Amino acid sequence: MKYIFAFIILLGFWLLFTFNLETHNLIVGAVASLIAILFFAKHFVKPVWKMLQPQRYFWFILYLIIFIWECIKANFDVAYRVLHPAMPIKPGIVKVKLNLKTNMAKTILANSITMTPGTISVDLIDDVLYVHWIYVSSTDPEEYSKKVAGRFEKYIKKIFE
Amino acid sequence: MSKIIFIILLSIGVLFNLFGCIGLLRLPDVYNRLQSATKCVTLGTCSILLSLIVYYGFNEIGVKALIAIPLLFFAATVAAHALIRGSYFFGIKLGEKSIKDDYKEVAGAAENKESKK
Amino acid sequence: MNQLLYYFLYAQIALCFFCLYRIIRGPTIADRMVGIDIFGILVVGICAIIAVITDRMFIIDIGIAWIILSFIGTLTLAKYLKGRNLNE
């Protein structure tokens, strides 16, 4: 099951890259993806049946829209801080507690945090994410956990768990 | 019509790249520089690639630009994470303006664990 | 139209000089590595604009390969950075 999924995804990427549907191209792509699967399929996602549930894709699209909005906000935030003559920055590294379980979800959350306004993820030890924040607005752990991770956590929980 | 959108997206991309590079010059220490540069330059380049999709439609170049966007996104974020963690272990202190450092108490333990592997 | 694209190309190349300044002047090694990382991403933008100007499709392939190469290069540099210390 896992192998079939990995094969379909790899072949799809091959066809998108080369962009023609002739027979010899298909054969070369199939052979290349078979060789790739032999070596790397054991690193593919474990519970494959989760990829077949349609509601996950719905939440994914919703998450994508929110994420792009946050990205644009992040850029204007950084532009404001950079162009302001006095540079209003107050940096520091804060500790954020996560409620997610699987490794995949944690990775995606850390990547999303890097692109959101003023935060960049430094390290992930077990359940705790260390985040470098360009403007530490409050010193209360509850409040900034909610501010940094709370926006994405509920969507990622629905998509990847 | 699509040409106007193409020019607008392209100029937004170059403008964001400019902001990111100004941040690279002005901000005081490594961590802040990495913040401004990674965010602005990644979204600026994504915007340039998006303008290519608008210009060419859904043909060979457009599809390749579409694939390059998530690739660039993951590459940039993971590289930023690796660089910031590496420079912390290298021993660069947070800048003078910083007010909080929660990572200090666990950094030594993390480094020991890393070297044992 | 084509003239405008050339202006965007020159702007993008000028931004590369900003990065070069950071690479040459950077007080520590880490600053230089940040400069190299950002330089790699800017080159992808240059490749995209050149692909529009010349209307050839293989240049965007160069851009994709450049993303992967600069990613691997930055990871290697970060790994090197982690193994050394400033006070050694």
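Side notes on the structure shown:
- In percent, rounded to a whole number, the relative contact order of chain C is 27, using alpha-carbon pairs under 8 Å and six or more apart.
- Counting Cβ atoms of other protein chains within 10 Å of each residue's Cβ and taking the mean over peptide A:119-128 gives 5.
- DSSP-assigned coil residues among trypsin sites (Lys or Arg not before Pro) in the stretch A:30-115, each with at most 12 further Cβ atoms within 10 Å: A:K101
- Here the gap between A:F17 and A:N99, fully extended at 0.36 nm per residue and compared with their Cα-Cα distance, gives a gain of 25.7 nm.
- The slack in the chain from A:E143 to A:F44, taken as 0.36 nm per residue of separation less the alpha-carbon distance, amounts to 32.0 nm.
- The C-alpha atoms of chain B define a longest principal axis, and helix B:60-90 lies at about 10 degrees to it.
- Other residues within the sphere of radius under 12 Å centred on the Cβ of B:R26, judged by their own Cβ, net out at +2 (K and R +1, D and E -1).
- Principal-axis tilt of helix B:104-116 within chain B, Cα atoms, nearest 10 degrees: 90 degrees
- Chains B and C together bury roughly 4200 Å² of accessible area, counting both sides, with a 1.4 Å probe on protein heavy atoms only.
- Cα-based helix-to-principal-axis angle, A:2-18 vs chain A, degrees rounded to 10: 90 degrees
- Relative contact order (%) - chain B, alpha-carbon pairs under 8 angstrom, separation at least six: 25 percent
- Global size of chain B as Cα Rg and Dmax, reported in angstrom: 18.7, 60
The values are calculated or read from the model by the stated rules, or taken from the named source; none is laboratory data. Just so you know, these numbers come straight off a predicted model, no measurement behind them. All Cβ positions, glycine included, derive from the backbone under ideal geometry; neighbour counts span all protein chains shown. With ligands, DNA and RNA removed, areas are computed over all heavy atoms of the protein, side chains included. Shrake-Rupley method; radii C 1.70, N 1.55, O 1.52, S 1.80 Å.
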